[in-house]
Each structure stands twice: as C-alpha cells, then as structure tokens.
1. Would you kindly compute the Cα radius of gyration of the chain and its largest Cα-Cα separation (Dmax), both in Å?
2. Can you compute the modelled spin-label distance between Ala238 and Arg344, with each label point 7 Å from Cα toward Cβ, in nm?
3. Principal axis lengths of the range 123-177 from Cα atoms, whole Å, largest first?
4. In degrees, nearest 10, range 0 to 90: what is the angle between the Cα axis of helix 52-61 and the longest Cα principal axis of the chain?
5. Write down the accessible area per residue of the range 20-113 in Å², having rolled a 1.4 Å probe over the full set of protein chains.
6. At 0.36 nm per residue, and after removing the present C-alpha to C-alpha distance, how many nm does the segment from Glu44 to Asp174 gain when stretched out fully?
7. If amide H atoms are built 1.01 Å from N in the plane of the peptide, which residues on other chains or at least 5 residues away come under 5 Å of the amide H of Phe127?
8. Would you mind calculating the relative contact order of the chain from Cα pairs under 8 angstrom and at least 6 residues apart, reporting the percent as a whole number?
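The values are calculated or read from the model by the stated rules, or taken from the named source; none is laboratory data. In this text, all values refer to a predicted model and were calculated from it rather than measured experimentally. Here the Cβ positions follow ideal geometry from the backbone for every residue, glycine too, while neighbour counts run over all protein chains shown. All accessible areas refer to the heavy atoms of the entire protein, side chains included, with ligands and DNA or RNA removed. Shrake-Rupley method; radii C 1.70, N 1.55, O 1.52, S 1.80 Å.
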Amino acid sequence: MSSRPQPSVLVSGAGVAGPLLAHWLDRAGFTVTLVERAADRREEGQNVDVRGAAREVLRRTGIEQAALVEHTTEEGTAFVDEHGRPRAALPAAQGESDGATAELEILRGKLSGLLLDLPAERTERLFGDHVTALDEHADGVAVTLASGQRRDVDLVVVAEGVGSRTRRLVFPGDPVRPLGMYCVYVTVPRTPQDDRSWRWYNALEGRSVHLRPDNTGTTRALLNFLSPTRGLADLDPAAQVTVLRRVFRDAGWETERVLAALDDTPFHFEDLAQVHLDRWSSGRVVLLGDAAHCASPVSGMGTTLGLTGAYVLAGELATAHAHGRPLTDATATYERRMRPFVTRAQDLPPGTPAIANPRSAWHRQALWTGLRVLTSPPVRALGGLAGRFTRPPADTFTVPDYPALPTAAA
Ligand SMILES: Cc1cc2nc3c(=O)[nH]c(=O)nc-3n(C[C@H](O)[C@H](O)[C@H](O)COP(=O)(O)OP(=O)(O)OC[C@H]3O[C@@H](n4cnc5c(N)ncnc54)[C@H](O)[C@@H]3O)c2cc1C
C-alpha cells in the first residue's frame, strides 16, 4: 500500500454498484463516505442476473458462494398461452453467461444486502441523505448534503441509478432514452399452480404478464406494456392502478390475480430506458453503473455492468494512487476499459422490446415459432443472431488484475 495520504471518495447511491465500490476502496485504504437517499436499505426489485465478468468480480470479492445460495430457484422460461399451456421455452443457463434465467439469478434486494454487509470499517454511511451541491476547487470537491452536512473529498462517484439527480448537477441535458415500454413490478402470494419456471404470457396489444418464482415463499409478477405516452411513471400510485386496470382489462390468463394485488401491495412502476452519455466523468465527478450507462432490465446486463464497473473503477483508482498519478487519470482509464463492454450490452437485439410483446396473434405465433427455432440445439450452436437473443455479451470482457487491490479483506 502507498505511503501517500489516502484519498477520500464520496459515493452517492447504495444500490448495487455503490456498495461494491465502497467496499473495495475501503479495502484499499481509501477514506469513503457512502450516501443513500433512502432512509434504509432498499429491499425492492425482482430477479437480477449476475453473468460472466461479474461472476469473476463476485469471486474476487469473496461472496460468489453466498450469492449462489440466494438463487431464486427459477429453472427456465415457459411462454404460455391464455390457458397456461407452454408454447415455447428458454432453458436456464448452462454456463455463467447465457439463458434468460442466469445461472446466478438473485433478488436485487438480496444482492444489495450482501454487498452492504461486506466489511467496510473505514466507510462512513449516511442513509436518508443526498447531495444538493457540488463545488469543485483546486484540491477536491466540496459536497453539500440535504441534511446540511458538508464533506470535502478528492473524488465524487455518482451511482444513483437510471434517474440520478446528482448527475444533473454536473452533466447538462437529459441522457435518458425511453424504450417505449412500461414495466410494473409487484410481489403476489404464491399459489399451488406457481411452479419453478418463469411463466411469460403475451396478452397481445403490446402487453405481457409474467410470474416468476422466488426463494422467499412468494411469486414475483411483472406487467409490461408498450405505450407511446411518457410520464406514467410519475403519476401517483392510485392513478397508476387506474391506468393498469384499463390497459390490462380482459388480458386473460392470471392477469386478474396480479391486478388484485395492486390494491394493497407496494409496486414499482418503471418507464424502461437506457442512459447514453458521451463521457462518464467531468473533472472530479464520475458516474458508475446505471447512472452512467443503464442498459435496461431487458438487456439482462445492468447488474453485470454495475458490478464489473465498480471493481474496475476501484482497481484503477487504487493503481493511480499507488503510482502517484491523479485520480482523474483513473476515471479516464476506467471509462476506456468499460466503454466497449457497455456499448455491446446496450446494443439490444433488433426490435426490442416490441418483438417480445406482440400486438397481434399472428406476431405472437411467429414469436413462439421463432423461439423454438432459435433455441433448438443446431441453431444455438451457430451463435450469430440466435446468440444475440439468448446470450447477453457478459463474457466478452476480461476482468483486469489489479495488484494495487488487496486480495483478502483487511
Ligand atoms: C428499487 C429498485 C428495483 C430494481 N429492480 C430491478 C429488477 O427487478 N430487475 C432489474 O433488472 N433491475 C432492477 N433494478 C436496477 C438494477 O438494480 C440495476 O440495473 C443494476 O443493479 C445496477 O445498479 P446500480 O447500483 O447502478 O443502480 P441501482 O440499483 O438503481 O441503485 C441506485 C441507488 O441509488 C439510490 N439513489 C437514487 N438517487 C439518489 C440520490 N440522489 N442520492 C443518493 N442515493 C440515491 C437509490 O435509492 C438506489 O439505492 C432496480 C433498481 C432499483 C433502485
């Protein structure tokens, strides 16, 4: 470890990427402040996938086994018709990177909890607070928080997810690009009919209803619908329920069961989007995870990119410090290394998300037939377009070795 004074870093956002970065910087001897807007740990969210490069990051962090134990128990995807009959299927992953159901599939809240439980003894944690002003000066950044507290640090990392507000203080314009689909996540009671597969029902008119098993005794439901109208995610919950009842009226299959749960269960209403920025850093402020480059849940890559980026950023910062180079050199190298990986992950298969949410019965039949062909062994073996639909590019990145990062927890 370097004998230079240890740098100080403020990380804003304690979701997935933020806590992992805080842990690794703490492990490397940095002074870290982790700020989270929510008053407590956020348990919400459904299944997220940890694939390829991110599996290697969890391995190096020492929590791969703990994450595997938390597997949601999902065994693959069944595309069902209005009677619940399977019409096409995607098997669960055979390796660390492929399949709609990843080999390491975990509830987001569980993963975030595992990361927040990692040792970070030198890290100050401030929940229920957020950044209101950033003033960069010659030696660092003066940060003002909503609570009135102030911190003067060498670097600020913004890991606040797709709708980051601190990003707006530094990066002009709106980098959020909606994909034209809303996703509504809600947890429903498990019934005896709920099996271990992700049951995916295309209700036509651009709507789909999903039921997925979890490892906590409930079922995770998802309502997706294509819409040219933006702003529905900003409505109050009662208005959103009214919209959902109208959109999913007469959708069939188990839709009524999901709609019924909306009355007394909190739900998460998201306007599916990606984040595209020409640069991820400005001076001593750098973006991480979804705040920098959200690829959207349909990419199956958001968590993989967030975990991998957190490790790479920690490694580059520790390396720059060890060699007496400015931390801003490290943020540039982090972006250079991660950018091609992110670009591949954001390049969604043609027609996404409309192709998987058919409007007409003819289109739905074509989807089922296409899936049966794409997932047949001979076509899978060919890779190419078939691979683009069934295998996100998680193993196209080699996680660098960072001698400046300690291999065992201090
Ligand atoms: C509640 C929630 C549920 C999700 N559910 C799913 C899901 O079901 N499926 C899926 O594929 N992806 C889901 N995601 C996205 C997924 O977590 C990310 O794509 C991925 O893990 C990368 O994580 P991240 O740390 O960059 O961002 P996130 O996981 O979004 O974490 C960002 C964190 O920053 C906090 N934050 C926001 N604004 C501020 C602020 N101004 N100051 C301080 N903190 C702030 C948020 O509360 C959150 O804890 C969810 C995200 C959230 C926040």
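1. Answer for the chain, Rg first and Dmax second: 21.5, 68 Å.
2. Each label point is offset 7 Å from its Cα along the Cβ direction, giving 5.0 nm.
3. The Cα atoms of the range 123-177 stretch 33, 29, 19 Å along their principal axes.
4. The answer is roughly 50 degrees.
5. 35
6. 44.2 nm
7. Counting only residues 5 or more places away or on other chains, the set is Glu36.
8. Normalised by residue count, the contact order of the chain is 22 percent.
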